[in-house]
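The values are calculated or read from the model by the stated rules, or taken from the named source; none is laboratory data. Bear in mind that the values here come from a model prediction, so they are computed numbers and not experimental data. Counting neighbours? That spans all protein chains shown, and the Cβs are built from the backbone with ideal geometry, glycine included.
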Amino acid sequence: MKKAMVVLMVMMLLCTSLFAQGVQEDGKQFIGLAMPETHVERWQMDGAALKEAALALGYDAEVTFGDADQTKQNAQISDFITKGADILIIGSVNEGVVTAVADAKRDGVEVIAYDRLITGSDQYDYYITFDNFKVGQFQGKAIVDALDLESATMSDPKFITLFAGSPTDNNAFFFFDGAMSQLKPFVDKGVLKIVGPAPLSSDDTANFTRIATENWRADLAKQRMENLLNGDAKNYTLDAVLAPNDTLARAIIEALLTDAKYRTALPVVTGQDGELASIQFIKDGKQTMTVFKDTRDLAKAAIDLADALLKGETPEIAGARLDTTTYDTGKKVVKSYLLEPVNVTKDNYMEVMIDSGYYTADQIR
Ligand code: BGC
């Protein structure tokens, strides 16, 4: 009897320690995939592609979405840790994720920051994303070209209004600064006039906050555009609106279309993500461009990185540039893998978005 008890206890202990090491019932290792939100379409694509890539390499994987609520996402991450996750891939909502990252580290679970840098933490080593500054450069350059700012004169300047992404998302600063790297020379020359708050860099925190859009919420961007149309922009005809992503671009366009002045001729409006509805807008001439960041590539690269780390191998991520100097969390510089974004307009959306199999031709009217 005593012997049986001892055997049982040893077995229980063994189970607990296996569980703590993350060995799942089926013997596979487990990757927790914590995505920030679903109201921006891309994250659903990211979630699906990450899971598919993880399963293809023989891992167990589960995706969660935080509904732009960091408390909720932290609970999801904590759940992954309890379930014995071996590694976590996190697209965070905001800096509040650091406590969850610290918990993971304490339990020996490595974290990869996915698309969004996790600021304020030194408890993780790897970040995988797109070249975010370049995304903004494409947006700024699209405005420069569409308005032919090179030939614009001070006596006939062009007018622009600026929008930025969430002030709690490190990417928003990169997008904006990338765009302003293209636009500022023309503002300085006096041929491009900013209507409304006018930060020339994200370092101008007071003004940046005024153009930023909390949690990338479309309703807030629409509201702000409406307010501008009735306020600062009332006596101007805008030639361009810098919009940081497609979700916000379409909300801004909706607001513009409520103003008779813009119903026949919309300003140049930028975007990002290659969302289906925005590809339709580009085809219809309502939105000028988007920047496509192929979530299939990012997901595949992130899983390859996780795979290398789990196997204790040196990561070699095809198609990504290793950057060991740019991305500073405020506590340390993390090793970052950057993928290339693609500029998409009316001229190449077929090739980039459809021929690549991201969408099917019948999804566009
Ligand atoms: C991503 C963008 C996305 C935005 C809103 C950013 O961190 O890089 O692709 O549009 O978040 O979800």
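Looking at this structure, is residue 140 without any contact (Cβ under 8 Å) to a residue 40 or more places away in the chain and out of contact with any strand residue (DSSP E or B) (no Cβ under 7 Å at 6 or more places or on another chain)? So residue 140 does not fit the description; no. Residues in the stretch 339-365 that are in a helix (DSSP H, G or I) and aliphatic (A, V, I, L, M): 350, 352, 353, 354, 361. Scanning the stretch 284-296 for residues that are within 11 Å of the ligand (Cβ to nearest atom) and over 13 Å from the mean Cα position of the chain (by Cα) gives a single hit, 290.
Among the residues of the stretch 209-246, the one identified as of a type in the set (Phe, Trp, Tyr) and within 16 Å of the ligand (Cβ to nearest atom) is 216.
The residue pairs whose first member lies in the stretch 183-201 and is more than 17 Å from residue 136 (Cβ to Cβ), whose second member is acidic (Asp, Glu) and in a loop (DSSP other than H, G, I, E, B), and whose beta carbons are closer than 8 Å, counting only pairs six or more residues apart or on different chains, are 195/232; 196/232. In the stretch 242-266, the residues that are under 20 Å from residue 42 (Cα atoms) reach residues that are more than 16 Å from the ligand (Cβ to nearest atom) and in a loop (DSSP other than H, G, I, E, B) with C-beta atoms within less than 6 angstrom, at least six apart or across chains, in these pairs: 253/286. Give me the residue from the stretch 312-365 that is of a type in the set (A, V, I, L, M, F, W, C), in the same structural domain as residue 29 (by TED's automatic domain parsing) and out of contact with any strand residue (DSSP E or B) (no Cβ under 8 Å at 6 or more places or on another chain) and, out of that set, farthest from residue 297 (Cα to Cα). If we take residues in the stretch 312-365 being of a type in the set (A, V, I, L, M, F, W, C), in the same structural domain as residue 29 (by TED's automatic domain parsing) and out of contact with any strand residue (DSSP E or B) (no Cβ under 8 Å at 6 or more places or on another chain), then 333 is farthest from residue 297 (Cα to Cα). Considering only the stretch 120-142, state which residues are more than 16 Å from the ligand (Cβ to nearest atom), crowded, with 22+ Cβ neighbours inside 10 Å and polar (S, T, N, Q). Once the filter is applied, which keeps residues that are more than 16 Å from the ligand (Cβ to nearest atom), crowded, with 22+ Cβ neighbours inside 10 Å and polar (S, T, N, Q), the stretch 120-142 yields only 121. Checking 256, 220, 248 one by one, the residue that is closer than 23 Å to residue 135 by Cβ and over 20 Å from the mean Cα position of the chain (by Cα) is 256 and no other.
Contact map, the stretch 162-177: first residue under 17 Å from residue 246 (Cα atoms) and assigned by TED's automatic domain parsing to the domain that holds residue 256, second residue of a type in the set (Lys, Arg) and within 9 Å of the ligand (Cβ to nearest atom), Cβ cut-off under 6 Å, separation 6 or more or different chains; pairs are 169/116; 171/116.
Counting only residues that are at pLDDT 95 or above, outside any loop (DSSP other than H, G, I, E, B) and farther than 30 Å from residue 278 by Cβ, the stretch 17-64 holds 4 of them.
Give the stretch 268-316 a look and list any residue that's small (Gly, Ala, Ser) and free of Cβ contacts under 8 Å to residues at least 12 places away in the same chain, or say none. Once the filter is applied, which keeps residues that are small (Gly, Ala, Ser) and free of Cβ contacts under 8 Å to residues at least 12 places away in the same chain, the stretch 268-316 yields 308, 312.
Quick check on residue 196: is it of a type in the set (Gly, Ala, Ser), at positive phi and either under 22 Å from the mean Cα position of the chain (by Cα) or buried (at least 20 other Cβ atoms within 10 Å of the Cβ) (or both)?
Working: of a type in the set (Gly, Ala, Ser): yes; at positive phi: yes; either under 22 Å from the mean Cα position of the chain (by Cα) or buried (at least 20 other Cβ atoms within 10 Å of the Cβ) (or both): yes.
Yes, satisfied.
Looking only at the stretch 247-283, residues that are within 15 Å of the ligand (Cβ to nearest atom) and surrounded by fewer than 20 Cβ atoms within 10 Å (Cβ to Cβ) come to 2 in all. Within the stretch 162-182, not a single residue is away from the ligand (no atom under 16 Å from the Cβ), part of a loop (DSSP other than H, G, I, E, B) and surrounded by fewer than 19 Cβ atoms within 10 Å (Cβ to Cβ).
Would you check which residues across the stretch 143-158 are assigned to a strand (DSSP E or B) and either surrounded by fewer than 18 Cβ atoms within 10 Å (Cβ to Cβ) or without any contact (Cβ under 8 Å) to a residue 12 or more places away in the chain (or both) and list them? Talk me through it step by step, then tell me what you get.
In the first step, residues of the stretch 143-158 are kept if they are assigned to a strand (DSSP E or B); the result is 153, 156, 158.
Result: 153, 156.
Of all residues in the stretch 216-261, those satisfying the criterion of being closer than 26 Å to residue 67 by Cα and not in a helix (DSSP H, G or I) are 217, 242, 243, 244, 245. Residues in the stretch 284-316 that are part of a loop (DSSP other than H, G, I, E, B) and surrounded by 21 or more Cβ atoms within 10 Å (Cβ to Cβ): 287, 288, 289, 293, 294.
Filtered by the rule that a residue be within 16 Å of the ligand (Cβ to nearest atom) and farther than 23 Å from residue 49 by Cβ, the stretch 71-119 gives 94, 95, 96, 119.
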